[in-house]
Amino acid sequence: MKYLRDTLKSYFRRAKDFCVYKILHADDPPHRLALGIAVGMFVTFMPAIGLQMVLSVFIAWLLRANKLVGVPLVWISNPVTIIPIYYPCYLLGCKLLGTAAASDDWARVEAAWQEAQGAASVTWLEKAQFYWNSILDVIWPLCAGCLVVGLTAGVLSYYISLFAIRSYRLRRWGQLMPPQLTPNDPTDFADAGNRSPDRQSHADDESEGNAA
């Protein structure tokens with residue numbers, strides 16, 4: 001019991017550190033961070049085990065979102081959670097496409113998958129091959145359901161994350177970017193940007209004259 005409690009505390013601490021230092025204090029605007037989280041949640045529900053991290057980074061690059069915050073989220077779908085996540089998506093896809101759900105096939109796939117997970121001699125590559133060979137039987141309903149669930153999860157996570165990041169930063173710093181990325185006196189930069197070349201050269205001449 002103590003081991004379980006310590007393990008849960010460790011996971012909670014690591015999750016808290018990730019949320020605080022990798023998201024809330026990251027040197028990116030709230031929109032890019034929230035979009036990166038949305039991409040990660042979307043890819044989590046895509047039936048692309050083994051390619052999800054690459055897919056998350058690629059989509060984030062296309063959308064100009066933060067590429068790092070979404071990567072840990074794709075591990076929500078892992079060898080342990082693959083059946084509980086994808087089977088409801090498959091049932092939803094069957095309803096959307098009007099096809100009958102092959103529950104017997106899924107029961108067979110689940111039993112074989114659990115057996116493969118428990119076999120120490122089965123390599124990661126063999127598990128991936130088994131996954132892709134099994135998924136081909138139900139690929140279209142599964143993709144349809146995963147697309148709907150993934151888009152819904154992505155949109156919801158974007159707005160929730162955007163609201164949470166903006167609220168945290170405004171409450172803590174009174175601004176949307178971390179203080180270390182903001183000049184102490186922004187008027188200096190504004191004055192420098194608004195200063196014309198003639199005024200700049202005149203100021204340089206005056207400084208040279210004073211130095212002389």
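Things worth noting here:
- 3J(HN,Hα) from dihedral phi, the range 79-90, Karplus parametrisation 6.51/-1.76/1.60, rounded to Hz, x for glycine, proline: x, 7, 9, 4, 6, x, 7, 7, 5, x, 5, 5
- Remark: Ile23, Ile85 ranked as Ile85, Ile23, counting other beta-carbon atoms within 10 Å and listing the fewest first.
- Under 5 Å from the amide H of Asp28 lies no amide H of any residue 5 or more positions distant or on a separate chain, with H modelled from the backbone and absent for Pro and chain starts.
- Under 19 Å from the Phe163 label point (7 Å along Cα→beta-carbon), backbone N, the range 26-57: 30-39, 41-42
Read-outs: derived from the displayed coordinates by stated rules, not from any lab. Please read all numbers here as calculations on a predicted model, not as lab measurements. Using ideal geometry, Cβ is built from the backbone for each residue, glycine included, and neighbour counts are taken over all protein chains shown.
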